[in-house]
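Take a look at the structure set out below.
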Amino acid sequence: MIDDEGQQLGIMPPYEALKKAREKNLDLVEISASAVPPVCRIMDYGKFLYQQEKKEREAKKHQKTITVKEVKFRINVDDHDYETKRNHVLRFLDEGDKVKATIFFRGREMTRTSLGRQILERLIKDVEPHSIVEFRPRQEGNTLHAILAPKKTGETQKPKSTQTAKAAKAAQAAQTAQAAQSVQAAQTVQAAQTAKAAQAPKPARAQGDGGGRPAGGTEAPAAAAPNPPQAAAAAPAPAPAVKQA
């Protein structure tokens, strides 16, 4: 026994289950008669039927009823009639219906069935972008027919999306390779500059050759002469000698 809120009430006799359903002003519906014991549920049965009908109507809205439209040809059809019938076939295919192209042979026309086959092959080739062939031309008695179905939208768009994805993937791979080459070139230039700097000789310190010139032979600028020392003070004159008698 299951109540209207989905909770299990356990096993109970039928009269007690009916009593609980009447207390809530609802119905007692058997939902699984094959179970042991049978499973019943308290619910509003009229509301349940309405919801089921609503679901069925919603499902029918998304369903497409495909019908088979028949277009008849003759082996002696002229170009204008052929184009008119071909336009009918294209219109039926665009509306999502299947098309059965039929050719009837009368009397001696049975000896020229190849002409009818040529007409159907021509039709198949003309409507190829809009249809797929379910049945190739085949003969049954004095009738030759072929069945065409509309081409699904995904079948026409899938190759285009696949090509776009492949092109994007190739472009991304090319950009990745170009970036890797740029990084490798930068690393090569940096390594060459580092090696060149390591191999360059260090400049030698200039040393004098004892004559006031640097070792490289370039005459060094003369240093400014120091201020001349002031003249030494005059030495005191010696005292005159004294003669003794």
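The values are calculated or read from the model by the stated rules, or taken from the named source; none is laboratory data. Keep in mind it's a predicted model, so treat the numbers as computed, not measured. Because the Cβ atoms are built from the backbone with ideal geometry, glycine has one as well, and the counts that use them run over all protein chains shown.
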Exercise. Quick one: what pairs do we get from the stretch 13-33, first residue within 17 Å of G46 (Cβ to Cβ), second among the hydroxyl-bearing types (S, T, Y), C-beta under 8 Å, 6+ apart or different chains?
Worked result: D27/Y45; V29/Y45
Exercise. Only one of (1) part of a helix (DSSP H, G or I); (2) closer than 13 Å to R74 by Cα fails for A101. Which number is that?
Worked result: (1)
For this session: Only residues in the stretch 51-77 that are closer than 16 Å to E121 by Cα count as the first member; pair them with residues that are of a type in the set (V, I, T) and part of a helix (DSSP H, G or I), Cβ under 7 angstrom, at least 6 apart or cross-chain, and list the lot.
Result: V71/V89; F73/I119; I75/I119; V77/I119
For this session: Consider T102 carefully, then state whether it is assigned by TED's automatic domain parsing to the domain that holds F135 and under 11 Å from N142 (Cα atoms).
Result: yes
